[in-house]
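Laboratory data are not the source of any read-out in this text; all were calculated from the coordinates shown. Since we're looking at a predicted model, the values are computed, not measured. All Cβ positions, glycine included, derive from the backbone under ideal geometry; neighbour counts span all protein chains shown.
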Amino acid sequence: RRPKNFPPGPPVWPILGNILDLSLENPLKDFERLKKTYGNVYSLFLGPKPVVVMNGMKTIKEALVTKGVDFAGRPQDLFVNDSTQRKGVILADYGSSWKEQRRFALMNLRNFGMGKDSMEERIHGEIQYTVDTLEKSIGKSFSPQNMFHNAASNIICQVLFGKRFEYQDETMKTLVQCFTENAKIANGPWAMLYDSFPLIRSLPLPFRQAFKNVETCQKIAKTLMNEHKQTRVPGEPRDFVDCYLDRLDKPGDDRSSFSEAQLTMYILDLHFAGTDTTSNTLLTGFLYLMNYPQVQEDIQLLTAIPLSHTSRFFFIQAVIHEIQRVANTVPLSVFHCTTKDTELNGYSIPKGTLIIPNLTSVLNEEGQWKFPNEFNPENFLNDQGEFVKPEAFMPFSAGPRMCLGEGLARMELFLFTVTLLRKFKFIWPEDAGEPDFTPVYGVTLTPKPYRMKVQLRVSQKIPNL
Ligand code: HEM
């Protein structure tokens, strides 16, 4: 039974709730269908657990920004909480510990923005390896999945550990394999069953593998942390781990949330949050750029013009934003939870209710975009050809829990796109058939595996702008 004045939704079955209303493999279409029937705020039951799904820009902003604190919690009784032992920042509940840890990361990520070891330098350094990989692949048809994944992983490793890993490095391979497997389990049917039916949690079912994987990753994070302890000079941090160890040296009060156990999970959080997201956005970007050769060519002509030239800046920004809009990389954001009894669109939502912000419903919302259902950089250009960012552009979500890696991610997307397009032409192979733009559902949306071809560019005449 729905509580009084709770958002409406489909009829609820005993024990099962609404689990049969959702495809366990990919619920995005079901969420869209339910929005058409019940409106922008509706409710579902996962087994006995009530869930509120929020849709549309106005509703999501009202909740995550205007009533930011009310909606800034994270559910604590799900599969993902058990598998990460409730440490780190992504899944930490709203409160002083989360605030302290989040502020620390934001401040330190900003501090890496300057100087010779700046974020930009670190990204450029890694792009050079991607360029080498592409040069070796000229004329061949190859799958770019690992290349982008490794590059995104190495950039976050540079930030965290001050070093990159060779693409064949066993530690990295193990980390990536564990993350990939866990992301699959976390968004698959077994996690949904784990969340809906607490009685099955101790049974030896496939979700057990995720717990083993987290243990393996934690061991790796601990080893890297211990290596830093051996080589660091206190007060002269080289990277995020050193900054954190410096912070641990400070005499703090007993209630401080900083600890080595926090750090190991934090390392994994940032590595996980910064890898799949960026690499899948890049993969989607190059899938579209190959199949919209005119857009690719327009950027290529502009890459030869000084960065300060506003037309260059406007068009490239518009293309990168449009890539992020169609990539819809984190389609349901990370699940939130209400921190107190609250209201949304006139409905009452009790404290502790699981909230799903359906970002997909905003990134292609009718009325918010000139071309909601096609790839078109015009979505971000006004009549004068100037870059404009519609309010509905929220791939990083909004409010107090908004992605804390946005600055890093945007710098990566910009530098990769511009540097690679300046040097190479990306071609959809003749024998690849029709491109399939439908993504594969997961915590992050992934393009279906595809192959690409590259050619070195011959220098082009600069247009008269
Ligand atoms: C294109 C790339 C990226 C996209 C689309 C993206 C998107 C998101 C989204 C939608 C959320 C959930 C926000 C919410 O709960 O409302 C999030 C959270 C988060 N992201 Fe990102 N992200 C990206 C890259 C990164 C990078 C590079 C990092 C690492 C520095 C990062 C670190 C985080 C963290 C730590 C959180 C949790 C914040 C919190 O709970 O307070 N993300 N991201």
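Packing-based ranking of 406-412, 165-171 yields 406-412, 165-171, ordered from highest to lowest mean Cβ neighbour count within 10 Å. Divide the volume of the convex hull around the Cα atoms of region 314-465 by the residue count and you get 154 Å³ per residue. Between Tyr167 and Lys136, the contour length at 0.36 nm per residue exceeds the Cα-Cα span by 9.7 nm. Its convex hull of Cα atoms gives region 61-220 a direction-averaged projected area, equal to a quarter of the hull surface, of 13.1 nm². Pairs with C-alpha atoms separated by more than 27 Å, drawn from the list Lys49/Lys87; Lys173/Lys448; Lys67/Lys212, are Lys67/Lys212.
Restricted to Cα atoms, region 217-282 shows a radius of gyration and a Dmax of 13.5, 43 angstrom. Between Arg201 and Ser96, what FRET efficiency comes out of the Förster formula 1/(1 + (r/R0)^6) with R0 = 35 Å and r the beta carbon distance, rounded to 0.05? Efficiency at R0 = 35 Å is approximately 0.75.
Using every pair of distinct Cα positions in the chain, the Kirkwood expression returns a hydrodynamic radius of 23.5 angstrom.
In this label model, Gln145 and Asn382 are separated by 4.3 nm, measuring between points 7 Å along each Cα→Cβ vector. For the listed residue pairs Lys36/Lys370; Lys36/Lys351; Lys99/Lys340; Lys222/Lys351; Lys163/Lys219, the alpha carbons are over 28 angstrom apart in Lys222/Lys351.
Its residue count N sets the reference 2.2 N^0.38 Å, and the alpha-carbon radius of gyration of region 205-245 equals 1.59 times that reference. With both labels modelled 7 Å from their Cα along Cα-to-Cβ, the Arg410 to Gln128 distance reads 2.7 nm.
For the chain, averaging the sequence separation of C-alpha pairs within contact (under 8 Å, six or more residues apart) and dividing by the residue count gives a relative contact order of 23 percent. Take the Cβ-Cβ distance between Asp246 and Ile15 as r, set R0 to 45 Å, and report the resulting FRET efficiency rounded to the nearest 0.05. It comes to 0.30.
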